[in-house]
Structures are given as C-alpha cells and as structure tokens.
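Trainee: Sharing a structure here in structure tokens format.
The values are calculated or read from the model by the stated rules, or taken from the named source; none is laboratory data. Because the structure is a prediction, the values reported are computed rather than measured. Reconstructed Cβ throughout: ideal geometry from the backbone, glycine too, with neighbour counts over all protein chains shown. Ligands, DNA and RNA are stripped out before the accessible areas are found, and what is left, the full protein with its side chains, is counted by its heavy atoms. Shrake-Rupley method; radii C 1.70, N 1.55, O 1.52, S 1.80 Å.
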Amino acid sequence: MEQFDAIIVGSGLAGLTAAVELCDRGKSVLVLEKEKVIGGRTSSWDEDGMLVESGFHRHIGYYKALPYILKKVGINVDSLVQWEENVDVRIKGKRDVATFGVSPIFGPIDLLKGVLGNNEILSLKDKLSLMRFFMSGFIDYLSKPHILDQWNVRDYAKKHHVSEDALHYAVIPLSAGIFFLPPERYSAKVFFGLFFPAIPRFYRMRIGAYLGGMTELLARPIAHYIEGKKGIIQTNAKVHNLIVESTGVRGVILEDGSRYEAKHVILAADLGGAKKILKKNFSSHPLFQSLFQLPTMPAVTIQMEFLKPVLPYDRTTFGPLTSLASFAEQSRSTFTHVPGRLSIILTPPEKFLVMEKEEILKQVQMEAKELGLDLETNLTNYRIVSRSEDFYSLEPNHDRLRPNQRTDISGLILAGDYTKQPYYATMEGAVVSGLKAASIILN
Ligand SMILES: Cc1cc2nc3c(=O)[nH]c(=O)nc-3n(C[C@H](O)[C@H](O)[C@H](O)COP(=O)(O)OP(=O)(O)OC[C@H]3O[C@@H](n4cnc5c(N)ncnc54)[C@H](O)[C@@H]3O)c2cc1C
C-alpha cells in the first residue's frame, strides 16, 4: 500500500492551505473530501439548476495569510474581488438607508461622512457611547481576553452605556450581521477580536465581493496548484475512521472500507466532522474533552434570483432588528449570469433550520418589506442553503475550548477555523490554521 507523507481530511481552505505548504516542500499529499465539490464552506455548486454557494463571502482588506496562499498559486487578490469602501444599514420601518465608510485610506470622505453624518439614527451621544464601548473593548481584549469572553455583546454594551439606537444600528450589524448571532448570544471577545487585526493594518481596510463562485475562484486554482506538485485530491471520499496503532495515528479508513496510510494525518474537517471522527477512537482522551464540549452552530442562507437587480449596487447591507442579518445583491459581481440575485444570511439560524423552504421564503419576503425591499414581484428562483453544524459556536465562554493544531498523539494534527488562531471563524482563520498545521510537520 502506498504511504503518503500526509493525508489531509477536508478540502476547505484549512486543508488546501496545508496541502499547498506540504507539496511545496516535496511531501506526498492526499486530500480526501467527502462532498462532490471541493472548497468546504468556500464552495459553490449547481443546486437543481441554480448556482449557489455556502453563503456570500467578503474578503477583508487586512487579510494577510489568504492573499499569501493565493499569491503562491498565482492569483492576485485584486483580480478576484470588487472592492467596496462602504456598507449600508437599512432601517426597519423607515425605508431609510444609512451608509458607513469602512476604509480610511481608500474612502476617507465616506468614512468621515458615515461618522459625522447619519444623525437621524445616531445622535452625538450615541456616537460617543460607541467610541467608549470600542475603546474599552479593545483594551479588555488586550489585557483580559478570558474575562471578555465571559461577556455577551449586549451586556457589555449595556455596561458601557451604549444606547438602544447605537446597539440597533451599529452593534447589531457588526455582530448578527457578521456571525448571525444576536448580541445577547455573541461573545464580546469574538466581537472585538474580529476587528482587532484591522487596527495595525487599517490602511488596507476594504471589503471585497468575489467576482465568481467560490469553488471556481478560490478552491479550484489552489487544487490545480497542488495537483501540479503531484498532490492527489479525491472528492466523494468520506473518512469514516482513523487507523490508530500503539505508535499513534497511521492513516484513515474511508466509508467504503478503503484504507490509506500516512506518516501524518491532518484532520481539517469542520468541527462537527472532526468530532465524529475523533470520538471513534479518542472519546475519553483528556486532550479532546474541551473540543468535544465546544458546540457547533448552524448557518442558513436564502439565495434568490430576480428579473432585475433588487439593489442599485452590490454592497454588503445589514438589516438589524429583522431576520435578514446581512445581504448583498450579487448580479454585478459574483453571479453576473442572472439579471438580479440577492444572497441573504438569516438570524438566528436555529429558527430557520427547522422551517419549511416556502415558510422561510414567506418570512423573508415579509420582513424585507419592512426594510423597503420588494422580494416578490420579480422573483424567478430561490434556494435555501442550510447546514446544521457549519460553525463552531461563537457564544460566550467557548473560545477557551478551541484546541491547538498540535496534539500529543503521534501523527495526528488538527486544522480548521475552529482551532486556535486569532481570526475566529473566517477564511483568514482557516488559512492560518492550515499554515500552522503544515509547519508542525515541516518543523
Ligand atoms: C454563510 C457563510 C458566510 C461566510 N462569510 C465569510 C466572510 O464573509 N468572510 C470570511 O472570511 N469568512 C466567511 N465565512 C467563514 C469561512 O467560510 C470559513 O471560516 C472557512 O471557509 C472555514 O474553512 P475550513 O477549512 O476551516 O472548514 P470547511 O470549509 O468547513 O472545510 C472542512 C471540509 O471538511 C470536509 N469534511 C468533513 N468531514 C469529512 C470527512 N469525514 N471526510 C472527508 N471530508 C470531510 C467538509 O466537507 C469540508 O469540505 C462564511 C461562512 C459561511 C457558512
């Protein structure tokens, strides 16, 4: 039986990154992916005749590791994305739209207009309360991150006298709008930690909308590079168990019974998948008890096609106080083959996980009306993309449960956005975890 230097379970960004690094250093690599498309949460596919993706993604200008990997495989980020310098917040019941600039260098006037303007929704007092809230948050993030993780965002905002308006129109878009959790369930550590890396790299801050489906744009070119270096990628290959010997982990067994051996196995599955595999051999191993306690959380999106665009431009938009956590028109960026396309991430995801598709559509159309959007008239097609265990839970007190990539079991390494790295559940976090996993083998 052929022995690989490394078997990587999962072809998300974490697994693909580890594979690139290992192939580059001449290691023989086999990547096993249970789905029929590669890319994991950064994938896109044809769902009964409609192109869909795991959910709309934004490339944040301060990311460093993801551009590094893309550059290695010959891609310049600027050719992948359409940059935005603003985000919109739609105000429930008022049909107003507040615009906030996010880029001090590429859109300084818009940034100033956002901070000094929008007075109809945020008074000077609200803005000052937000400044205090962010200052304290960043200081606590640096000085006592473990304590910050015990706070939820709503209570932390209350403690710093953030007004209800400021909570609704600034804090909720930045919490529920990004990780779909209402502020009372969102860890304050994650909230501030997500923005923290932007501070030293403020000059790069912009938001990029991808110019195509994610498998095509990200995963496939990376896979092509891996295969060019003699790495092997197999889809429809679900890993059922690890081969564990007295010396440690020595390979994997697929669902169809086939066995592959390797010096190292990088388990780069999502948290739910990783737990299932680890529990088979290591259910009582002390090293994994925290990981087993780390809960997963779902993600639900609705992706809709229209006869014409719903919004005048493709820009990240938030719908605080509704189920439409964040959404974007994508007909001029990601999915240009249709005249109108809206992708919406729903909050709270658990509520939508158990609803029928038609029920979700009706609920979304009704709530969209309150944001001044007509999602009925020109609708031609829609799909719900929902996954029950998409993320590790970003609720308070969970950060401490995230495992390191290094395990004390010979031959077994973990990777994935849920493992310890400073970028939480993001593409950047996944890539950083993949780099760390590969460096354990290479060093
Ligand atoms: C709706 C949505 C919106 C998002 N928006 C953004 C955004 O705007 N910006 C951003 O930076 N990030 C965003 N993210 C997060 C980002 O997509 C993830 O953090 C990142 O892609 C995770 O990569 P990963 O490799 O850690 O995990 P995954 O991509 O989940 O990869 C794990 C892989 O392992 C495979 N697998 C699992 N079990 C097995 C098994 N037994 N055998 C073989 N294979 C297995 C899975 O099929 C999967 O392909 C978003 C995610 C979602 C869902």
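Trainee: State, to one decimal in nm, how far the label point of Q234 lies from the label point of E184, with both points 7 Å from Cα in the Cβ direction.
Mentor: Placing both labels 7 Å along Cα→Cβ, they lie 4.9 nm apart.
Trainee: Okay, moving on. For the range 336-351, in order, what is each residue's ³J(HN,Hα) by Karplus, 6.51 cos²θ - 1.76 cosθ + 1.60 with θ = phi - 60°, in whole Hz (x at glycine and Pro)?
Mentor: Using θ = phi - 60°, the values come out as 7, 7, 10, x, x, 8, 10, 10, 10, 9, 9, 9, x, x, 4, 4 Hz.
Trainee: Once every DSSP H run of n ≥ 4 in the chain is given -39500 (n - 2.57) and the sum is divided by its residues, what mean residue ellipticity at 222 nm do you get, rounded to the nearest 500 deg cm²/dmol? Don't jump to the answer; show the numbers that get you there.
Mentor: Numbers: 14 runs with 137 residues, N = 443.
Calculated mean residue ellipticity at 222 nm is -9000 deg cm²/dmol.
Trainee: Next question. If ligands, DNA and RNA are left out, what is the accessible area of H161 with a 1.4 Å probe, given in Å² to the nearest 10?
Mentor: Approximately 140 Å² for this residue.
Trainee: Ordering Y169, Y382, Y68 by accessible area with a probe of 1.4 Å, largest first, what comes out?
Mentor: Details: Y169 25, Y382 50, Y68 100 Å².
Largest to smallest exposure gives the sequence Y68, Y382, Y169.
Trainee: Specify the angular offset, from 0 to 90 degrees and rounded to the nearest 10, of the alpha carbon long axis of helix 124-143 from the longest principal axis of the alpha carbons in the chain.
Mentor: Value to nearest ten degrees: 20.
Trainee: What is the angle, in °, between the Cα long axis of helix 357-370 and the longest principal axis of the Cα atoms in the chain? Nearest 10 is fine, range 0 to 90.
Mentor: Approximately 30 degrees, to the nearest ten.
Trainee: What ³J(HN,Hα) values, in whole Hz, does the Karplus curve 6.51 cos²θ - 1.76 cosθ + 1.60 give for the range 261-275 when θ = phi - 60°, with x put for Gly and Pro?
Mentor: Karplus values, whole Hz, x for Gly and Pro: 10, 7, 6, 9, 10, 9, 8, 10, 6, 5, 4, x, x, 5, 4.
Trainee: Also, I was wondering about something else. Provide the gained length on full extension for the span S284 to S258, in nm with one decimal, where the gain is 0.36 nm per separating residue minus the Cα-Cα distance. Don't jump to the answer; show the numbers that get you there.
Mentor: On the way: separation 26, 0.36 × 26 = 9.36 nm, distance 2.63 nm.
So the chain would gain 6.7 nm between S284 and S258.
Trainee: Build a GNM of the chain with springs between Cα atoms under 10 Å: which of G137, G213, G117 gets the top mean-square fluctuation?
Mentor: Most flexible of the set in this elastic network: G117.
Trainee: Let me ask something else. So, in the range 102-203, how many Lys pairs have Cα atoms under 17 Å apart, if the pair is 8 or more places apart or on different chains?
Mentor: Close lysine pairs found across the range 102-203: 10.
Trainee: Here is a follow-up. Which residue, T301, A325, L379, has the largest displacement toward the positive end of the dipole of the range 296-392 when charges sit on each Cβ (Lys, Arg +1; Asp, Glu -1)?
Mentor: Highest projection toward the positive end goes to L379.
Trainee: Could you order peptides 12-18, 34-40, 356-362 by the average number of other Cβ atoms within 10 Å of their residues, highest first? Present the calculation step by step, with values, prior to reporting the outcome.
Mentor: Working: 12-18: 31.3, 34-40: 20.0, 356-362: 13.6.
With the highest mean Cβ count within 10 Å placed first, the list reads 12-18, 34-40, 356-362.
Trainee: Take R154, R402, R206, R220 and sort them by solvent-accessible surface of the protein heavy atoms, 1.4 Å probe, largest at the top. All intermediate terms of the calculation are to be shown ahead of the outcome.
Mentor: Details: R154 75, R402 10, R206 45, R220 130 Å².
Highest to lowest solvent-accessible surface, that is R220, R154, R206, R402.
Trainee: Also, I was wondering about something else. Have a look at S79, I344, H285 and report the one farthest towards the positive end of the charge dipole of the chain, computed about the Cα centre with Cβ charges (Lys/Arg +1, Asp/Glu -1).
Mentor: Toward the positive end, the furthest listed residue is H285.
Trainee: Provide the three semi-axes, in whole Å and in decreasing order, of the ellipsoid equivalent to the range 340-393 as defined by the square roots of 5 times the Cα gyration tensor eigenvalues. Let's see the in-between values first.
Mentor: Numbers: eigenvalues 93, 29, 24 Å².
Ellipsoid semi-axes (Å, largest first): 22, 12, 11.
Trainee: Within straight cross-link reach of K27, meaning Cα distance under 22 Å, which lysines are found once same-chain residues fewer than 8 apart are removed?
Mentor: K71, K72, K229, K230, K263, K436
Trainee: Please compute the contact order of the range 296-392 in relative form: average sequence separation of alpha-carbon pairs under 8 Å and at least six residues apart, divided by the residue count, as a percent. Before the final figure, lay out the partial values.
Mentor: On the way: 190 pairs, mean separation 42.6, N = 97.
Computed value for the range 296-392: 44 percent relative contact order.
Trainee: Order these peptides, 269-278, 171-180, 144-153, by their mean beta-carbon neighbour count within 10 angstrom, highest first.
Mentor: Working: 269-278: 21.4, 171-180: 25.0, 144-153: 18.3.
So the order, starting with the most tightly packed, is 171-180, 269-278, 144-153.
Trainee: Go through the range 373-443 and name the GluC sites (Glu not before Pro) that are in a DSSP coil and have 15 or fewer other Cβ atoms within 10 Å of their Cβ.
Mentor: Working: sites: E376, E389, E428; in loops: E376.
The qualifying sites are E376.
Trainee: Another question, if that's okay. Tell me, what ³J(HN,Hα) does each residue in the range 34-44 have, in order and in whole Hz, if you take phi through Karplus 6.51 cos²θ - 1.76 cosθ + 1.60 with θ = phi - 60° and put x for Gly and Pro?
Mentor: So the Karplus estimates, Gly and Pro as x, are 6, 7, 7, 10, 8, x, x, 6, 9, 10, 9 Hz.
Trainee: Moving to a separate point now. Against the longest principal axis of the chain, how steep is helix 427-442, in degrees 0 to 90 to the nearest 10, with axes from Cα atoms?
Mentor: 20
Trainee: For K280, give me every one of the lysines with a C-alpha distance below 18 angstrom, ignoring sequence neighbours fewer than eight places off in its own chain.
Mentor: K34, K238
Trainee: With +1 assigned to the C-beta of every Lys and Arg and -1 to the C-beta of every Asp and Glu, and no other charges, what is the dipole magnitude of the chain about the Cα centre in debye, to the nearest 20? Mind dumping the intermediate values first?
Mentor: Details: 52 positive and 49 negative charges, 232 e Å.
With only Lys, Arg, Asp and Glu charged at Cβ, the dipole is about 1120 debye.
Trainee: Can I ask one more? To the nearest 10 Å², what's I253's accessible area with a 1.4 Å probe?
Mentor: 40
Trainee: According to a simple spin-label model (label point 7 Å from Cα along Cα-to-Cβ), what is the distance in nm between R25 and K113?
Mentor: Here the answer is 4.9 nm between the modelled labels.
Trainee: In what sequence, highest mean first, do 233-240, 123-130 appear when ranked by Cβ atoms within 10 angstrom?
Mentor: Values: 233-240: 17.4, 123-130: 15.9.
The most tightly packed comes first, giving 233-240, 123-130.
Trainee: May I ask what percent, to the nearest 5, of DSSP beta bridges between residues of the chain are antiparallel? Before the final figure, lay out each step's value.
Mentor: Numbers: 50 of 68 bridges.
Given both bridge residues lie in the chain, the antiparallel proportion sits at roughly 75 percent.
Trainee: Using the alpha-carbon centroid of each, what span in Å lies between the range 353-413 and the range 74-127?
Mentor: 24
Trainee: A follow-up question, please. Which residues does a label at K308 reach in the range 72-97, if reach means a backbone N under 15 Å from a point 7 Å past the Cα toward the Cβ?
Mentor: Within reach of a label on K308, which here means backbone N under 15 Å from a point 7 Å along Cα→Cβ, the range 72-97 contributes nothing.
Trainee: Report relative contact order for the chain in percent, whole number only (criteria: Cα-Cα under 8 Å, sequence separation at least 6). List each step's numbers first, then the result.
Mentor: Details: 974 pairs, mean separation 110.2, N = 443.
Relative CO of the chain lands at 25 percent.
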